[in-house]
Every structure is written in structure tokens, then in C-alpha cells.
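All of the numbers you see were taken from the coordinates with simple rules; none came from a lab. Bear in mind that the values here come from a model prediction, so they are computed numbers and not experimental data. Note that we place each Cβ from the backbone using ideal geometry, even for glycine, and neighbour counts take in every protein chain shown.
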Amino acid sequence: MSAGTVSSAGYAAAEPFLLNVTRYRVSPQGWPEGFTLRVALIADIHACDPWMPAERIRQIVANTNALAPDATLLLGDYVVGSKLGRFGRKVTHKEWGSALSGLRARLGVHAVLGNHDWWEDIKVQRRRSGPVKARTTLEAAGIRVYENDAVRLEKDGQAFWLAGLGDQWAYYPRNGLPGRRGGNFYYTGVDDLPGTLAQITDEAPVVLMAHEPDIFPKVPERVALTVAGHTHGGQVRLAGYAPIVPSMYGQRYVYGHVVEEGRNLVVSGGLGCSGVPLRFGSPPEIVLVEVGGSAPVA
């Protein structure tokens, strides 16, 4: 093994302990002139000791609060996956929920669930219905959880809608473990995009929270911004390319700010790990998105 290989392997093991703040400015078509909304995104915590213990989650909370967002949006996968759990100690729901309860934002803290939050409970998988434990944990922490819901909020006299989609990969296939056939993912979701958007009753702009970004091709122009997690930015990226992406669209929505036909999507690289406790070329990040406005993101 060469020295370069050893160095790369060491960095991949160390990268999960890093923490970046990534900033985007997004100017959607039709966004109200003079209206600026700052949203912080926290995705894919995957609470697990030693990579994501409660102490580290509290530090992430403190760093997020220091950004002074108008709203903090949690994008799912709070629990560790079964594979990664074999490498370390699972952090209890009480521990990570208590840590997240410290989040503060002017317009509140809002959350959707991710696939691992659904997959962790075999009873939920068998009966094909929630609630899942992650939801009750978040609600006990004072955090509102959205599952095909929308709420009208207001900042400085300007209204906007915040919508949250149910998870698109909530259930394993009935005939076994999740897998891929012909490039298609065979999961059953609890998402209802038309039903979610039907709750919007006026022309105020819409911000949509989703765990998986794969919903984006179906999101209409009516939605100013869609935010998602799930991909971990590929978790391992070599020269910007991710060999493995948990998306039916491959590299298309793996990471960052994506604009298609005037519609805006921001995909967070997330914070934790899935499968193996390694990251390379995709360090953990808190994301701050400034929607509208012309001043630099501070």
C-alpha cells in the first residue's frame, strides 16, 4: 500500500468529524421583491457514537443557531442505519432528541422524516403505517413534523408557505429487503405531493421540504424552492464524481444548487454517515440558504 493510499484512507476516516457551513443565495422566479428569507438546513444526522454523539449534535445546534436563520429545516434521517450501527453505539432517541431541542429560529424549527426513520422499526414496516419513533421524539422536543402538510408563515409582513413531504422510501418491498432492479428503486412511499400543495390557498411563495431529492422533476413552478438531503453528497466523491448515489437519477441531484427549467433545488450533503463511517470529498455540512435579496450571505 502506498503512502498516498494510507493518507487518503486516514482522511476518509477523519472527514466525518469535520463541520462546514455551506452558503447559497437563490433567486427564484416570481419571488417577492425586497423579501429575504434565511433558512438553515440540517440533514442526515444518523446519530451514532463516536461519529455523531449527542455532544456533537449539540455543537451542530449551537453553530446553526449562531447563523441566526429565520427558520431551521430538518430534512430527515436522525437515526443510524443498521449497517453503520454495527461499527459503533447507537445514540438513543432521548439523547439526540434532547440535543435537537436546543435549536432556535425566529420562525421556528420544522422537520420531515427520512427513510431510515421509517426503516428502524420493524413493526412499522409490517403494519405499513406510523407513527415512527423519530416523529414522536421530534415532537417531544418541540419540533413540528410535516408529513404532506403545509403551513402559512409570515416574516416582516410578507407571507410564504412552508410545505413538508412524506418520505418517498418509507417502506421496504413486501418481498424482502430494499434493492434495485433495472435502475429503479422498489420502495413504497408515504409522499403525496398533490395533496400537500392542495393545502396552499393563496399566491404566497412556497418552500418545500423533502428527504429524497427524486421528487424534484414532479415539483411544479409554483414552488419557489425545494430543499432535500438523503444523498450525503454521495458520501464519497472522487474529483467531484460519486460512485454510489441513492437516487434513481444518479448524479443529477447528488449535491448542491440545481436549477431546472427555472425551478430551484438545494441538496444538502448532510452531516452523518450511512453504511460505513467514511466520507471523502463530501465533508459534513450545515447549509444556509438565503432566498431573495441581493446582499452577500453573512
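Put a plus charge on the Cβ of each Lys and Arg, a minus charge on the Cβ of each Asp and Glu, and nothing anywhere else: the dipole of region 17-291 about its Cα centre is then about 1000 debye. Taking region 17-291 as the region of interest, the number of lysine pairs whose Cα atoms are within less than 30 Å, with members eight or more places apart or on different chains, is 10. A Förster radius of 30 Å, combined with the Cβ-Cβ distance separating residue 136 from residue 174, puts the computed FRET efficiency at roughly 0.75.
Within the shell of other residues whose beta carbon sits under 10 angstrom from the beta carbon of residue 270, the net charge comes to -2, with Lys and Arg scored +1 and Asp and Glu -1.
Treat every Asp and Glu Cβ in region 207-298 as -1 and every Lys and Arg Cβ as +1, leave all other atoms uncharged, and give the resulting dipole magnitude about the Cα centre to the nearest 20 debye.
Details: 6 positive and 7 negative charges, 31 e Å.
Approximately 160 debye in magnitude.
Between residue 65 and residue 35, the FRET efficiency from the beta-carbon distance, with R0 = 25 Å, is close to 0.65. Annotation: amide H of residue 281 within the under-5 Å range of 237, sequence separation 5 or more or interchain, hydrogens built in the peptide plane.
Our coupling estimate for region 39-48, obtained by passing each phi through the Karplus curve with A = 6.51, B = -1.76, C = 1.60 and θ = phi - 60°, is 10, 9, 10, 10, 9, 6, 5, 6, 4, 6 Hz, Gly and Pro reported as x. Taking the centroid of alpha carbons for each part, region 85-107 and region 157-176 are 20 Å apart. For residue 20 and residue 128, the FRET efficiency from 1/(1 + (r/R0)^6), where r spans their Cβ atoms and R0 equals 45 Å, is about 0.75. Length, then width, then depth: along the principal axes, the Cα atoms of the chain run 59, 45, 40 Å.
Which whole number of Å³ per residue matches the convex hull of the alpha-carbon atoms in region 107-227? Intermediate results must be reported in sequence, preceding the final value.
On the way: hull volume 12.7 nm³, N = 121.
Looking at region 107-227, the number lands at 105 Å³ per residue.
Highest mean first, how do 137-146, 69-78 rank when packing is the count of other Cβ atoms within 10 Å averaged over residues?
Packing proxy ranking, top to bottom: 69-78, 137-146.
Helix 54-66 axis versus longest C-alpha principal axis of the chain: approximately 30°, rounded to the nearest ten.
A simple rule links phi to the HN-Hα coupling: the Karplus curve 6.51 cos²θ - 1.76 cosθ + 1.60 with θ = phi - 60°, which for region 102-111 gives x, 5, 9, 7, 3, 9, x, 10, 9, 9 Hz, with x for Gly and Pro. Charge tally around residue 35: other residues with Cβ under 10 Å, Lys/Arg +1 each, Asp/Glu -1 each, net -1.
The fraction of all Cα pairs in region 61-162 landing in successive 5 Å bins from 0 to the largest distance is 2, 11, 20, 22, 19, 13, 7, 4, 2, 0, given as whole percents.
What is the list of residues in region 107-135 whose amide nitrogen lies under 12 Å from a point 7 angstrom out from the Cα of residue 199, following Cα to Cβ? In region 107-135, the label zone of residue 199 (backbone N under 12 Å from the point 7 Å along Cα→Cβ) covers 111-112. Take every pair of alpha-carbon atoms less than 8 Å apart whose residues are at least six positions apart; their mean separation over the length of the chain yields a relative contact order of 27 percent.
Helices in the chain, meaning DSSP H runs of at least 4 residues, each add -39500 (n - 2.57). Divided by all residues, the mean residue ellipticity at 222 nm is -5500 deg cm²/dmol. Its residues counted as N, region 220-274 yields a C-alpha radius of gyration over 2.2 N^0.38 Å of 1.15.
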